[in-house]
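> Please see the structure below; I have some questions.
No lab work stands behind these numbers, since they all come straight from the coordinates. Because the structure is a prediction, the values reported are computed rather than measured. With ideal geometry, Cβ positions are generated from the backbone for all residues, glycine too; neighbour counts draw on all protein chains shown.
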Amino acid sequence: MLYEEWKEFIPFMTWALSSGYRNELTIDRINNDLGYFPENCRWITKSLNSKNKSHNDMTWIYKNGSGFIVKRTIDYKTSSYGTYYIIEEAKQVRDALYAKEIDK
């Protein structure tokens, strides 16, 4: 599923440029079971993306009221890593947890 606003190029480009897009990176869905939308997408290298194949070890963010909750699932057990009111803070936690997943 594609985020409705991204069906137009300018909104997607605006998001991409503000989210760390560089020519050598590729778009990645944090949770492959969900669609393409800002909270579920990021820019990573192709080599990191090729390692992102596990469905039983995932880290993601979801919106809950006015906050953003970071969760991680390992071997089908889910843990919460806090609620953040600024999306950038939630992304930092998610990315740190994701980096640990890749380094395994």
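> Along the Cα→Cβ direction, 7 angstrom out, place labels at residue 34 and residue 66. What is the inter-label distance in nm?
The two pseudo-label positions are separated by 2.1 nm.
> What is the packing order of peptides 39-45, 12-18, taking the mean over residues of other C-beta atoms within 10 Å and listing the highest first?
39-45, 12-18
> Tell me, what is the FRET efficiency for residue 26 and residue 88 to the nearest 0.05, using R0 = 30 angstrom and their Cβ-Cβ distance as r?
Computed FRET efficiency for residue 26 and residue 88: 0.90.
> Hey, what did region 4-102 get for relative contact order, percent, Cα under 8 Å, at least 6 apart?
About 18 percent, as a whole number.
> Can you find, among 78, 66, 23, the residue sitting farthest towards the positive end of the charge dipole of the chain, where Lys and Arg contribute +1 and Asp and Glu -1 at Cβ?
78
> On to the next question. Pairs of lysines 8 or more apart, or on different chains, with alpha carbons under 21 Å: count those in the chain, would you?
24
> Another question, then. Amide H to amide H under 5 Å from residue 30: which residues, 5+ apart in sequence or cross-chain, H placed 1.01 Å off N in plane?
Hits under the 5 Å cutoff: 41, 42.
> Size of the dipole of the chain about the Cα centre, Lys and Arg at +1 and Asp and Glu at -1 on the beta carbon, nothing else charged, in debye to 20?
280 debye
> Here's something else I'd like to know. Along its principal axes, what span do the Cα atoms of the chain show, with the longest given first and each in whole Å?
In descending order, the Cα extents are 38, 35, 23 Å.
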